[in-house]
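Trainee: Would you mind keeping the following structure in view while I ask a few things?
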Amino acid sequence: MQGQLKVYNTLTRQKEHFLPLNPPLVGMYLCGPTVYGKAHLGHARSAINFDTIFRYLKHLGYQVRYVRNITDVGHLERDADEGIDKIAQQARLESLEPMEVVQRYTNSYHQDMDLLNVQPPSIEPSASGHIPEQITMIQQIIKAGLGYEAHGSVYFDVEAYNKAHHYGKLSGRIVEDLLADTRPLSGQQEKHNPLDFALWKKATPGHLMRWPSPWGEGFPGWHIECSAISTKYLGQPFDIHGGGIDLLFPHHECELAQAQAASHAELAKYWFHNNLITIRGQKMGKSLGNAITLEQLFKGRHPLLDQAYSPMTLRFFVLQAHYRSTISFSNEALQAARNGYLKLMNGLKVLTELPVPKDSGAGMDQDMAAQIKHSCNRCYEAMNDDFNTAQMIAMLFNLLKSINALRNGQLSPYLLGSTVFENLKNTYATFVQDILGLRQESSVSATALIDILLGLYSQAKVQKQYDQVDAIRAQLQELGIALQDTPMGVHWCYT
């Protein structure tokens with residue numbers, strides 16, 4: 001491994017040395033999407049940031065079990081304990097079965113993740129597929145005296161929990177302050193306390209998604225799924241729990257409390273939260289009506305967009321900032337990200353074309369060799385400093401200066417020697433492709449290129465340059481393309 005990895009832990013609010021509970025296995029859990037609509041930029045940031053952490057830990061030699069859930073039940077309107085399930089609501093709007101909605105938007109999410117080169121998780125469980133585990137955890141919470149049944153629903157007793165534990169320790173909140181800011185809501189009279197949250201909800205007669213339970217037919221609350229699913233596959237505690245900072249309270253706070261109540265142990269050792277994407281100083285999100293879906297971004301179909309932006313442009317846009325920093329959305333920022341991405345990819349192309357120098361015995365440029373070695377080491381130092389992709393990308397651009405100098409002949413590879421050159425080449429390629437996850441996006445149309453060749457072919461025929469005519473025809477034939485001279489002009493077909 002390259003150096004000691006330090007990570008910022010939301011729970012302790014400080015950077016800590018990363019020490020896995022069961023090395024070399026690392027357990028990671030990311031709160032995945034609620035699949036009732038198209039994925040938007042906020043979904044992309046969490047997925048890209050966590051994917052980069054996943055990639056880097058594997059690069060360091062860890063075996064990683066990465067779990068990312070799919071929320072397909074229990075997430076109610078306004079993220080509250082009352083209202084219509086978001087999946088069921090969308091099912092009614094589209095006149096579909098709820099699981100048709102789930103499958104449609106899960107497929108769409110996967111397609112977007114593939115375009116962004118986000119690697120699939122080790123396990124991708126759904127909430128609806130783990131109802132027994134959630135019921136078992138609720139029973140454990142009730143047995144511990146920290147949950148209670150009321151008219152077929154079950155609630156978590158925050159006040160009772162807070163007597164032995166600190167409800168709010170993850171988000172830095174105090175129960176007394178929360179109570180002072182809480183106003184009574186209609187439909188919550190069955191709760192002992194306004195802060196209590198639903199573990200299980202009784203299904204009303206018209207509720208589409210329902211399961212049998214010891215308390216009658218109903219469905220799980222939103223928070224319980226992540227506690228039950230993560231501990232099933234990763235144990236308790238596990239290493240890393242992550243998600244967007246908007247999930248910090250109440251979702252992650254409730255997850256932590258549930259797991260502590262059920263098993264008398266912490267849910268996770270390290271808590272990671274990526275920050276928001278903002279637009280004009282305001283959070284970007286569905287509830288505010290300013291969210292941009294990934295499909296809209298990739299096709300340029302949104303009033304805020306001047307043009308379409310590619311998946312790799314978005315990936316670079318996200319990673320050029322540290323995951324705990326806010327990112328301000330603008331067309332200018334995306335265009336700058338596109339330029340930065342292309343520069344890195346062009347540098348990769350140059351490296352693949354440069355021959356590896358053989359050590360000739362001539363004197364090396366010791367200063368340049370030292371600079372390259374320093375920048376290579378700094379790539380690791382940046383990632384070891386709480387996965388600082390912004391600093392790491394800055395080091396890649398330092399290496400890019402040397403790569404461009406090699407391409408332009410301003411620097412001879414022989415002055416670097418094979419060892420330094422290989423270090424430059426391997427480090428640059430590893431961090432650009434394997435860790436940042438950037439890949440070439442070819443926007444060149446094969447048909448357009450063939451049309452250009454057909455123009456050259458026709459021009460050569462007119463000018464009676466038959467050697468060139470035969471050469472073009474033969475080269476295309478090798479690629480499986482046959483040319484046909486007809487009275488209507490030159491056409492091509494596959495062979």
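No value in this document is a laboratory result; all are computed from the given coordinates. Quantities reported herein were computed from a predicted structural model and do not represent experimental measurements. Because the Cβ atoms are built from the backbone with ideal geometry, glycine has one as well, and the counts that use them run over all protein chains shown.
Trainee: Under the rule of -39500 (n - 2.57) per DSSP H run of 4 or more residues, summed and divided by the residues of the chain, what mean residue ellipticity at 222 nm is obtained, to the nearest 500 deg cm²/dmol?
Mentor: Working: 16 runs with 216 residues, N = 495.
Helix-only estimate at 222 nm: -14000 deg cm²/dmol.
Trainee: Would you please classify the overall shape of region 334-400 from the alpha carbon gyration tensor, given that a ≥ b ≥ c denote the square roots of the eigenvalues, rounded means a/c under 1.5, and beyond that prolate means a/b larger than b/c while oblate covers the rest? Kindly include the intermediate steps, with their values, before the conclusion.
Mentor: Numbers: a/c = 2.90, a/b = 1.42, b/c = 2.04.
Oblate, since a/c reaches 1.5 and b/c is not below a/b.
Trainee: Could I ask something else about it? Taking the chain as the reference, fit the longest principal axis to its C-alpha atoms, fit the long axis of helix 253-263 to the helix C-alpha atoms, and give the angle between the two in degrees, 0 to 90, nearest 10.
Mentor: Roughly 60 degrees between the two axes.
Trainee: Still on this structure, please answer the following. By DSSP, what percent of the beta bridges with both residues in the chain are antiparallel, rounded to the nearest 5?
Mentor: Values: 26 of 47 bridges.
Rounded to the nearest five, the antiparallel share is 55 percent.
Trainee: So, counting K/R as plus one and D/E as minus one, what does the shell of residues with Cβ under 12 Å around residue 113 add up to?
Mentor: Values: positive: 68, 315; negative: 51, 112, 114, 124.
Local net charge: -2.
Trainee: Rg and Dmax of region 6-274, Cα atoms, in Å?
Mentor: Computed over the Cα atoms of region 6-274, radius of gyration and Dmax are 18.2, 53 Å.
Trainee: Further question on the same structure: Please work out whether region 371-411 counts as rounded, prolate or oblate from its C-alpha gyration tensor, where a ≥ b ≥ c are the square roots of the eigenvalues and a/c under 1.5 means rounded, while otherwise a/b larger than b/c means prolate and anything else oblate?
Mentor: Prolate.
Trainee: Suppose every Lys and Arg Cβ carries +1 and every Asp and Glu Cβ carries -1, with no other charges. What dipole size does region 1-117 come out with about its Cα centre, to the nearest 20 debye? Mind showing how you got there, number by number?
Mentor: Details: 13 positive and 13 negative charges, 151 e Å.
Roughly 720 debye for region 1-117.
Trainee: Which one, 228, 179, 165, is farthest towards the positive end of the dipole of region 131-240 when Lys and Arg carry +1 and Asp and Glu -1 on their Cβ?
Mentor: About the Cα centre, the residue reaching furthest to the positive side is 228.
Trainee: Positive end of the charge dipole of region 303-435 (Lys, Arg +1 and Asp, Glu -1 on Cβ, about the Cα centre): tell me which of 395, 347, 327 has its Cα farthest that way.
Mentor: Farthest towards the positive end: 347.
Trainee: Which residues does a label at residue 494 reach in region 448-463, if reach means a backbone N under 18 Å from a point 7 Å past the Cα toward the Cβ?
Mentor: 448-451
Trainee: Quick one: angle between helix 222-234 and the longest Cα principal axis of the chain, in degrees between 0 and 90, rounded to 10, please.
Mentor: Roughly 60 degrees, rounded to the nearest 10.
Trainee: Next question, about the same structure. Can you bin region 95-147 into rounded, prolate or oblate? Criterion: square roots of the alpha carbon gyration tensor eigenvalues sorted a ≥ b ≥ c, rounded for a/c under 1.5, prolate for a/b above b/c, oblate for the rest. Display every interim value, and only then the final one.
Mentor: Numbers: a/c = 4.17, a/b = 1.91, b/c = 2.18.
In terms of gyration-tensor shape, oblate.
Trainee: For region 409-450, what is the largest minus smallest coordinate of the Cα atoms on each principal axis, given in angstrom and ordered from greatest to least?
Mentor: Largest first, region 409-450 extends 43, 28, 14 Å along its Cα principal axes.
Trainee: Follow-up question, since we're still on this one. Once the cut-off is 35 Å, how many percent of the Cα-Cα pairs in the chain end up in the long-distance tail? Mind showing how you got there, number by number?
Mentor: Details: 56260 of 122265 pairs.
In whole percent, the share of Cα-Cα pairs in the chain beyond 35 Å is 46.
Trainee: Let me check I've understood the local charge: for residue 402, count other residues with C-beta under 14 angstrom from its C-beta, Lys and Arg +1, Asp and Glu -1. What total comes out? Don't jump to the answer; show the numbers that get you there.
Mentor: Working: positive: 343, 373, 378, 401, 407, 425; negative: 365, 367, 422.
Its environment carries a net charge of +3.
Trainee: Along the charge dipole of the chain, which of 294, 279, 415 sits closest to the positive end, that is, farthest toward it, with unit charges on the beta carbon of Lys, Arg, Asp and Glu (+1, +1, -1, -1)?
Mentor: The residue sitting most towards the positive pole is 415.
Trainee: Additional query: So how strong a dipole does the chain carry about its Cα centre when Lys and Arg Cβ are +1 and Asp and Glu Cβ are -1, to the nearest 20 debye?
Mentor: Values: 44 positive and 48 negative charges, 172 e Å.
So the magnitude is around 820 debye.
Trainee: Going down the list 38/401; 163/286; 202/299; 38/201, which pairs span over 32 Å between their C-alpha atoms?
Mentor: Over 32 Å apart, Cα to Cα: 38/401; 163/286; 202/299.
Trainee: Could you work out how much longer the chain between residue 190 and residue 151 gets when fully extended? Use 0.36 nm per residue separation minus the Cα distance between them, nm to one decimal. Mind dumping the intermediate values first?
Mentor: Details: separation 39, 0.36 × 39 = 14.04 nm, distance 0.77 nm.
Here the answer is 13.3 nm.
Trainee: Residue 394 versus residue 78, label points 7 Å from Cα toward the beta carbon: distance in nm?
Mentor: In this crude label model, residue 394 to residue 78 measures out at 4.4 nm.
Trainee: For residue 373, give me every one of the aspartates and glutamates with a C-alpha distance below 14 angstrom, ignoring sequence neighbours fewer than eight places off in its own chain.
Mentor: Correct list for residue 373: 365, 381, 422.
Trainee: Subtracting the Cα-Cα distance from 0.36 nm times the residue separation, let me have the gained length for residue 92 to residue 330 in nm, one decimal.
Mentor: Numbers: separation 238, 0.36 × 238 = 85.68 nm, distance 3.50 nm.
Stretched out fully, the residue 92 to residue 330 stretch lengthens by 82.2 nm.
Trainee: Next question. For every other residue with a beta carbon closer than 13 angstrom to the beta carbon of residue 137, add +1 if it is Lys or Arg and -1 if Asp or Glu, then tell me the sum.
Mentor: Values: positive: 143, 232; negative: 133, 225, 255.
For residues surrounding residue 137, the net value is -1.
Trainee: Here is a follow-up. Please give, to one decimal in nm, the separation of the simple spin-label points placed at residue 418 and residue 352, each 7 Å out from Cα toward the Cβ.
Mentor: My value for the distance between the label points is 2.3 nm.
Trainee: With everything on Cα atoms, drop me the angle between helix 98-115 and the longest principal axis of the chain, reported from 0 to 90° to the nearest 10.
Mentor: 40
Trainee: If you don't mind, there's one more thing I want to ask. Any idea how far apart residue 15 and residue 58 come out in nm if each label point goes 7 Å out from Cα toward Cβ?
Mentor: Inter-label distance under the simple model: 2.6 nm.
Trainee: With equal scatterers on the alpha carbons only and no solvent term, can you work out the Debye log10 of I(q)/I(0) for region 446-494 at 0.15, 0.21, 0.26 1/Å?
Mentor: -0.34, -0.68, -1.05
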